[in-house]
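Structure record follows, encoded as structure tokens.
Derivation of every value follows stated rules applied to the coordinates shown; laboratory data play no part. Please read all numbers here as calculations on a predicted model, not as lab measurements. Cβ atoms come from the backbone with ideal geometry, glycine included; neighbour counts cover every protein chain shown.
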């Protein structure tokens, strides 16, 4: 039995990809970029590095069915639904419990479900080395992404000195986790060469993360211990989660652990990476016409430039005299959004939810 | 038998209302403004002024079926298809022939199929007086529209002195028909108070219009005479049109007759009128939200202003961070167009036609 496990975090609501994404079918269940759903790509990308029975997906009850649909080979018990979202530290704790039940000696990697990485081999290579780093120590290992622009949409990792070298790859002590910076700060980070993007990819042993939870978030850990006791007593995980998960402390793993722990190390990614965070990101993945328009579907453009069109089912979108728009057509809803206002799509979706009239469109 | 006839011109291709309008279902067969198709409204608006058997519709072969659908009470023989479009003078000639066959003593009004007039009573009143003017003389009567703004999208009628008064309404000699002016000229027209918009509404006796055709477009008249001889010889109208209509001189009635004839008179409209020429016009007919958005269908707006949304079948359109757009959703195509670029929609439709890939969407 392998000592390596993967826990994929697949709980997003996908509001930023409305109307293509819905509560039951968020971004990671859709082929936003690439020809398979993002989660399917995330599982496939692991190749033979990890046996399928060692791959867990943490999602929510709305999406369990969708996860099984897009990952039919995943054992049913490996898809676990949070009854409510309690932020990332609780999810990290749940992941630890799931893996510990099977193998207390295990090392686990936590991966987001919906990042886009084309070069699977390079990714597997980097992940393998990160596993080795976590297996050889009680460190909390994070894979940093080499930044290519002063992005303000990501957290950053300030790396310190080299503390190890594994298979020719440098492992750095982490000085600090930094929240999303403003543009000027991001430029300084980029210029210094000492920062990675935080892509939310962590590798650690059960013992290491359990120790960190105890040390830095004892309240949360007490709640997790209660769930574990229930499991040991033979209770069903589902029932325990229903009862206890909503009572867990709600805090992000960055804030609860990564920004505090003194045993965090990082390594540079050696693969392409795109978190495809919102509609404007998809233009990086499709060819542009001579006017800078990008189209995933059927579109015609008349005197229009720099637009993104995402269509469906042979429906034609015609653009006339417009620029810098995102147009997304689906069977029952269409979005027209200014590219640089895409962060407001969330507000629109929240408004739909609040109105109560558009339940089917959420 | 009434001596009054109506001939409604319903031959437009409706490109400016794509994607709602298609070749087989152009603007006049759609309820663009109001709750019935524009042509149905045009027929209903006549009320009891004209018996239904005296109402003719000139259309094209693509639209005959649609005309019967929206005007089921119209006798089948009263819907006549031009085999090809030969501009308005030929259509006027054809109208004259249709009416003359039934009643050489008749007076006929020619009306566009797709104008929007809310006040039917005022319209009937004006039309009744126009009929009286045409019945009492050999004049070519046109109903002018009182301009409300320096529009550059209409032809203008320069009225001269009052030559008659019928039921308290002044009848003016027409000095000149003017083509669509530039803005400065339009402003001068408006300021002078001596101009009407030309709405293409004409009333004349069979004798008057036949005389004008003979005098001002003898070549066209010779062609029309040939069709008439065929009818007298018992041939089918349809066969005669197939054979001879394509050979008729192609010229507009304004250019061929109205700009030349010295017996043209005009009267002021006493009714509201909107030709609803293109998508931007529809915002005059729907309530605006506090941000100036107009919606005929289902839409939600997030930080968006001055947009027009036309939906269909419960499909939701969500706008985020945009202004001054026209968004029209239909089952198989969606348009996103800048309001002040709406004249380019025609080019988009022509492009679709030229590509050959989108036959169903024309």
- FRET efficiency for residue A:101 and residue A:173 from the Cβ-Cβ distance with R0 = 30 Å, rounded to 0.05, comes out at 0.40
- Note on the structure: With -39,500 (n - 2.57) per DSSP H segment of 4 or more residues and division by the full residue count of chain B, the 222 nm estimate, nearest 500 deg cm²/dmol, is -8500 deg cm²/dmol
- Item | Projected label distance in nm at residue B:238 and residue B:359, using a 7 Å step from Cα toward the beta-carbon | 2.3 nm
- Query: Cα atoms only, the range A:173-311: Rg and Dmax in Å?
  - Reply: 22.2, 68
- Mind ordering A:165-178, B:330-343 by average Cβ neighbours within 10 Å, highest first? B:330-343, A:165-178
- What nm distances, shortest first, do you get from the label point of residue A:347 to those in the other copies when the point sits 7 angstrom along Cα to Cβ? 3.4
- Using the 2.2 N^0.38 Å rule of thumb for compact globular proteins, work out how the range A:232-330 stacks up: its C-alpha Rg over that value, please. 1.82
- Task: List the residues of the range B:232-256 whose backbone N lies under 17 Å from a point placed 7 Å from the Cα of residue B:76 along the Cα-to-Cβ direction.
- Result: B:236-239
- Could you state the orientation-averaged shadow area of the convex hull built on the Cα atoms of chain A, in nm² to one decimal? 19.0 nm²
- Query: For q = 0.05, 0.09 Å⁻¹, what log10 I(q)/I(0) does the protein assembly as shown give under the Debye formula with an equal point scatterer on each alpha carbon and no solvent?
  - Reply: -0.41, -0.84
- Stretch gain in nm, segment residue B:225-residue B:120, where the contour uses 0.36 nm per residue and the Cα spacing is subtracted: 34.2 nm
- Relative contact order for the range A:4-268, counting Cα pairs under 8 Å that sit 6 or more residues apart, in percent: 23 percent
- Message: Quick check on the protein assembly as shown: of the DSSP beta bridges with both residues there, what percent are antiparallel, nearest 5%?
- Response: 45 percent
- Could you work out which residue, out of A:82, A:179, A:236, moves most in a Gaussian network model of chain A, that is, has the largest mean-square fluctuation with Cα springs under 10 Å? A:236
- Query: Shielding of A:340-346 by partners, i.e. mean partner chain Cβ atoms within 10 Å per residue?
  - Reply: 3
- Query: Tilt of helix A:206-216 relative to the longest C-alpha principal axis of chain A, in degrees (0 to 90, nearest 10)?
  - Reply: 90 degrees
- Query: Once label points are set 7 Å from the Cα along Cα→Cβ at both residue B:323 and residue A:163, what is their separation, rounded to one decimal in nm?
  - Reply: 5.3 nm
- What Kirkwood hydrodynamic radius do you get for the range A:216-283 when you take the inverse of the mean 1/r over all pairs of distinct Cα atoms, in Å? 15.5 Å
- Average other protein chain Cβ within 10 Å of Cβ, residues A:300-307: 5
- Per residue of B:348-358, how many C-beta atoms from partner chains lie within 10 Å of its own C-beta, taken as a mean? 3
- Query: Helix B:120-135 sits at what angle to the longest principal axis of chain B, using alpha carbons and giving 0 to 90 degrees rounded to 10?
  - Reply: 20 degrees
- Task: Could you pull the copy-to-copy label distances for residue A:47, with points set 7 Å along Cα to Cβ, in nm to one decimal and sorted shortest first?
- Result: 8.3
- Item | Distance (nanometres) between label positions extended 7 Å along Cα→Cβ at residue B:188 and residue B:62 | 3.9 nm
- Item | Between the range B:133-190 and the range A:194-249, the Cα center-to-center distance that results, in Å | 83 Å
- Message: What's the ranking of A:121-131, B:146-156 by average number of surrounding C-beta atoms within 10 Å, highest first?
- Response: A:121-131, B:146-156
- Find how much the distance from residue A:3 to residue A:48 grows on full extension, using 0.36 nm per residue of separation minus their present alpha carbon separation; answer in nm with one decimal. 14.8 nm
- Message: Rounding to the nearest 10 and keeping the result within 0 to 90°, find how far the Cα-based axis of helix B:183-192 lies from the longest principal axis of chain B.
- Response: 60 degrees
- Note on the structure: dims of the range B:279-361, Cα set, principal axes, largest to smallest, nearest Å -> 42, 27, 24
- If you wrap a convex hull around the Cα atoms of the range B:69-195, how much volume per residue is inside, in Å³? 158 Å³
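Can you give me the relative contact order of the range A:279-361 as a percent, contacts being Cα pairs under 8 Å and 6 or more apart? Show your work: numbers first, answer last.
On the way: 140 pairs, mean separation 16.8, N = 83.
This gives 20 percent for the range A:279-361.
Subtract the Cα-Cα distance of residue B:214 and residue B:146 from 0.36 nm times their separation in residues, and report this length gain in nm to one decimal.
Gain in length upon complete extension: 21.4 nm.
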- Nearest-first distances (nm) between copies at residue B:136, label 7 Å from Cα via Cβ: 10.9
